[in-house]
Amino acid sequence: MHFSNLAKITSGKILQQYADRPVQNLMIDSRKVMVSEGSVFFAISGERHDGHLFITNLYTLGIRQFIVEKKIDLKEFKEANFLLVDSVVTALQNIVCAHRINFHIPVIGITGSNGKTIVKEWLAKLLSAEYHIIKNPGSYNSQVGVPLSVWQTNTEHKLAVFEAGISKPGEMEKLEAVIKPSIGIFTNVGSAHDEGFKSREQKISEKIKLFKNCKTLIYCKDYVEIDKAVALAGIPSFSWALSTNADLKIEREQSGFLFFTTENSFSFSLSIPFSDKASIENCFHCVALMYFLGYKPDVIQQRILELQPVSMRLELKEGINNCQLIDDSYNNDLGGLQISLDFLASQQKNKKTIILSDVLQSGLPIATLIKNAEALFSQVNILKVILIGKNFYGAQNLFSDKPGKSFYSSTDEFLHLHDFSSFDNEIILVKGGRVFQFEKIIRRLQRKTHGTVMEIDLNKMVHNLNLFKSKLKPGVQLMAMVKAFAYGSGSEEIANLLQYHKINYLGVAYADEGVELRQKNISLPILVMNVSEESFDSLLQYQLEPVMFSLKLLKQFVRFLGGRKASVHLELETGMHRLGLDEDDLREGIGILKENTNIILASVFSHLSASDEAIHDGFSHEQANRFQKMYQQISSELHIKPVRHILNSAGIIRLSDHQMEMVRLGIGLYGIDPSNKGMLGLQPAVTLKTIISQIKKIKPAETVGYGRKGKAEHEMTIATIAIGYADGFNRSLSRGKGYVLVNGKKAPVVGNVCMDMTMVDITGITAQEGDEVIIFGEDLSIQELAKNCETIPYEILTNTSSRVKRVFISEGV
């Protein structure tokens, strides 16, 4: 698809077409842009944000294609393409519809009031052995989330699983045209978004439009209203039920459930690894679909037992004071509340508490809402009910006089006024709508198992990626280095992000790193820097591309291949004197490649020794010239022009004349400028943080730590923090050489850094046990920490221990 096609697809008008560029990356969020020739920004005008306001900034970053619904002054955007449409959202849907018709694969469409995301995620896992599956990321089930998900479909996918959600009439028909499901699942119906419809019947009739062209619809016949709607719509179906006759009748047994098929009188038993009503219902939808698709009961059983709870719903966590938390801070409606309370009731602790926000989407008068909520509370032996929000707070008189209730007008008021020490050995259901930010409550109540966390901000990584892309000349490819556990930040998660943003190559140090990425469904080409004869089998099995850095290695690989095809990369020695073929080896190496045409030379590259230091620029240029000379010899004798690359992160910033066909981005992705040039706009994406475990007062002349190396010259306040050299906090930071940030103020290290903890001086700093401590991050740079250690940021990142939990954060991902 190209820009010139869009006017016909959307019934829009081309305002300006500088070049007929491809349409590849669809973007709606200016904070998460992907700079490439095929990127298109959809300037959506919403209630809170207007995408048109960000066009100038995006153009500056390098975006050159825009879909708008307002007239634009084109003088500022001479190289851009602009399409004017009546509705940007409708245009997005129509463009994806045009993409969708190119694929003829089974598509499972899921809707319902609750459970959509869980069923989708579980089905993707259950069916992954047979199919390469495309699905919505997270809960991308809206009018824009669905088309952005479906757009990712490509020829590699053999099955699609998409969920769809609506909040008013007329929306589902648009999503049906985008998804075009061949099999449907209607999970259930509840009160979520009731206010957007005249009646429950209208909401069901709207949702069921997703399945109007389905060959089969899976649903639970126990939902009488859904059953009537299915019959009325005349949709072919395969139903299951616990309390009535259905295609798959289910009965509870002592050790599990008995499934009985009415069509052929066949029965089988399954053990379900869940006890709460919500998970059981979601699991039954999956079982019904798998059975309908022809899976044998023993296969279904094996795979069902491997299912795990989906974190965004009803996640059970360890809490403070021997409590447990049920984290259901994703949404709040009466149907969801019923399911959450069922899960609460299934837990073993006798003392049960619920923290509940206002229910904003019930469509009910407040008195009726409270009556219904209290009816649900009565089904579970709840000790305490904590109600948060202006609606509940203002209607306290409408609640029953049963003891144990408390009211707060806001989340912040609860966090400020409630006595958290009162929670003791109980299970706490935390359920609130997104706007109430109940994740703050979860953080306060959750027990800190290991106080040290490396936090990776994916939004900032995308920003940095796009910043480097904006420095590249047109057509230059990008390889991202994810070696050494992605510089200590987590290879799988970072590789997934980079694959989503369609970079060209990944680079790893060793074959086992590449194997792990392949096992995690990373399909990008992967270059392996350091290979040995022992890793050749893995290279071929997992389609990894090895670097040939010596004649010996090249000869070994030729013998191993025995005529089989493989892609390799040739490393040349140009002055670093680490790895690579010397000029003296080049002729023999070319001869080997000539004789073995089964070997595909994917790229030729070298390393600059000092691309980060201006004082060595002369030598860097010498290296680049030497590389070009050797490359020309390879190219002319083999009659090929493989990709060339020599620049790393610092080189991209400082030596743009040597970009060639590809560059290698490493530590710069994390917001670290290895050139120390102060690259404008890089954002630190990694924060290492811990907590204060204990605070002590130290008298003059008392000593601190092993070897009594810390000595109090005066009365001091000492904080013991939960990080030591086993976590990667270098021992060279001992005795005041290093410092951390406690509530924004520097606290120097006292005595020696211990294996699992460190003592710091917080005299004069207001702090308490449990407070956050920054080791490095936005306010205390990793460069500063590295300088104190007399090392480099690379070592700090890669030496952070694997026992330090990696947490990935992103706004709206």
Yes or no: the range 410-421 includes at least one residue that is in contact with a Gly (Cβ under 7 Å, 6 or more places away or on another chain) and under 28 Å from Ile721 (Cα atoms). no
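Within the range 309-316, identify whether any single residue is modelled with pLDDT under 85 and part of a strand (DSSP E or B), and answer yes or no.
Yes - at least one qualifying residue is present in the range 309-316.
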Test Leu6 against the stated conditions and say whether it is in contact with a helix residue (DSSP H, G or I) (Cβ under 9 Å, 6 or more places away or on another chain), crowded, with 21+ Cβ neighbours inside 10 Å, in contact (Cβ under 8 Å) with a residue 60 or more places away in the chain and in a helix (DSSP H, G or I). yes
Close pairs (6 angstrom Cβ cut-off, 6 or more residues apart or separate chains): in contact (Cβ under 8 Å) with a residue 12 or more places away in the chain and of a type in the set (Asp, Glu) in the range 704-730, open to solvent by less than 20 Å² (accessible area, probe 1.4 Å) and part of a loop (DSSP other than H, G, I, E, B) anywhere: Asp727/Thr452; Asp727/Val804
Quick check on the range 186-233: of everything there that is of a type in the set (Asp, Glu) and touching a Leu at 6+ places or on another chain (Cβ under 9 Å), which residue is nearest to Asn245 (Cα to Cα)? Asp222
Which residues, taken from the range 398-452, are small (Gly, Ala, Ser) and touching a residue at least 60 places away in the same chain (Cβ under 8 Å)? Ser421, Gly432, Gly433, Gly451
If we scan the range 259-272, do we find a residue that is in contact with a helix residue (DSSP H, G or I) (Cβ under 7 Å, 6 or more places away or on another chain), touching a residue at least 24 places away in the same chain (Cβ under 8 Å), of a type outside the set (Ser, Thr, Tyr) and in a loop (DSSP other than H, G, I, E, B)? yes
I'm trying to understand the selection: among the residues of the range 79-105, which are in a loop (DSSP other than H, G, I, E, B) and either under 23 Å from Ser128 (Cα atoms) or not charged (D, E, K, R) (or both)? Ala80, Val85, Ser87, Ile101, Asn102, Phe103, His104, Ile105
From Ala747, Ala767, which residue is under 29 Å from Ser675 (Cα atoms) and surrounded by 15 or more Cβ atoms within 10 Å (Cβ to Cβ)? Ala747
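Condition check ((1) of a type outside the set (A, V, I, L, M); (2) in contact with a strand residue (DSSP E or B) (Cβ under 9 Å, 6 or more places away or on another chain); (3) more than 30 Å from Val453 (Cβ to Cβ)) across all residues:
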residue: Gly514; (1), (2), (3): yes, yes, no
residue: Leu517; (1), (2), (3): no, yes, no
residue: Lys520; (1), (2), (3): yes, no, no
residue: Leu524; (1), (2), (3): no, yes, no
residue: Val547; (1), (2), (3): no, yes, yes
residue: Val558; (1), (2), (3): no, yes, yes
residue: Leu572; (1), (2), (3): no, yes, yes
residue: Asp584; (1), (2), (3): yes, no, yes
residue: Ile592; (1), (2), (3): no, yes, yes
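Residue by residue, here is whether (1) within 23 Å of the chain's Cα centre (by Cα); (2) crowded, with 18+ Cβ neighbours inside 10 Å; (3) not aromatic (Phe, Trp, Tyr) holds:
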site: Leu506; (1), (2), (3): yes, yes, yes
site: Glu516; (1), (2), (3): yes, no, yes
site: Ser523; (1), (2), (3): yes, no, yes
site: Met529; (1), (2), (3): no, yes, yes
site: Ser532; (1), (2), (3): no, no, yes
site: Asp537; (1), (2), (3): no, no, yes
site: Leu540; (1), (2), (3): no, no, yes
site: Leu544; (1), (2), (3): no, yes, yes
Mind checking which residues of the range 147-169 are open to solvent by less than 30 Å² (accessible area, probe 1.4 Å) and part of a loop (DSSP other than H, G, I, E, B)? Trp151, Thr153, His157, Ala164, Gly165, Ile166
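Does Ser406 meet the test of being modelled with pLDDT of 90 or more and more than 30 Å from Thr758 (Cβ to Cβ)?
yes
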Residue hits (the range 106-138; in contact with a strand residue (DSSP E or B) (Cβ under 7 Å, 6 or more places away or on another chain) and either in a loop (DSSP other than H, G, I, E, B) or within 23 Å of Gln202 (Cβ to Cβ) (or both)) are Pro106, Gly109, Ile110, Thr111, Gly112, Lys116, Leu127, Tyr131, Asn136
Among residues of the range 38-49 being at pLDDT 90 or above and open to solvent by 30 Å² or more (accessible area, probe 1.4 Å), the residue nearest to Ile95 (Cα to Cα) is Ile44
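Would you tally the residues in the range 407-442 being within 15 Å of Lys352 (Cβ to Cβ) and either touching a Lys or Arg at 6+ places or on another chain (Cβ under 6 Å) or of a type outside the set (Phe, Trp, Tyr) (or both)?
Just the residues of the range 407-442 that are within 15 Å of Lys352 (Cβ to Cβ), to begin with: 422-431.
Remaining after also requiring either touching a Lys or Arg at 6+ places or on another chain (Cβ under 6 Å) or of a type outside the set (Phe, Trp, Tyr) (or both): 422, 424-431.
Qualifying residue count, the range 407-442: 9.
To keep it simple, each residue is scored yes or no on (1) over 29 Å from Lys13 (Cβ atoms); (2) buried (at least 24 other Cβ atoms within 10 Å of the Cβ); (3) in contact with a helix residue (DSSP H, G or I) (Cβ under 9 Å, 6 or more places away or on another chain); (4) of a type in the set (S, T, N, Q).
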site: Asp73; (1), (2), (3), (4): no, no, no, no
site: Phe77; (1), (2), (3), (4): no, no, yes, no
site: Phe82; (1), (2), (3), (4): no, no, yes, no
site: Asn94; (1), (2), (3), (4): no, no, yes, yes
site: Cys97; (1), (2), (3), (4): no, no, yes, no
site: Asn102; (1), (2), (3), (4): no, no, no, yes
site: Val107; (1), (2), (3), (4): yes, no, yes, no
site: Gly112; (1), (2), (3), (4): yes, yes, yes, no
site: Ile118; (1), (2), (3), (4): yes, yes, yes, no
List the helices (runs of 4 or more DSSP H) that sit entirely inside the range 363-446 and contain at least 3 residues that are more than 37 Å from the chain's Cα centre (by Cα). 366-377
For Met757, all conditions in the list (1) within 24 Å of Glu455 (Cα to Cα); (2) of a type in the set (A, V, I, L, M); (3) open to solvent by less than 10 Å² (accessible area, probe 1.4 Å) hold save one; what is the number of the exception? (3)
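Take the range 194-222 and flag every residue that is part of a loop (DSSP other than H, G, I, E, B) and surrounded by 21 or more Cβ atoms within 10 Å (Cβ to Cβ). Steps first, answer last, please.
We begin by selecting, within the range 194-222, every residue part of a loop (DSSP other than H, G, I, E, B); these are 197-199, 212-215, 221-222.
Passing the criteria: only Cys214.
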Being out of contact with any helix residue (DSSP H, G or I) (no Cβ under 7 Å at 6 or more places or on another chain) and under 16 Å from Asp657 (Cα atoms) narrows Arg578, Arg626 down to just Arg626
Strands (runs of 3 or more DSSP E) wholly inside the range 661-730 containing at least 3 residues that are at pLDDT 90 or above and open to solvent by 40 Å² or more (accessible area, probe 1.4 Å): 686-698
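The values are calculated or read from the model by the stated rules, or taken from the named source; none is laboratory data. Bear in mind that the values here come from a model prediction, so they are computed numbers and not experimental data. As a convention, Cβ positions derive from the backbone with ideal geometry for all residues, glycine included, and neighbour counts pool all protein chains shown. What goes into the accessible areas is simple: the full protein's heavy atoms, side chains included, and nothing from ligands, DNA or RNA. Shrake-Rupley method; radii C 1.70, N 1.55, O 1.52, S 1.80 Å.
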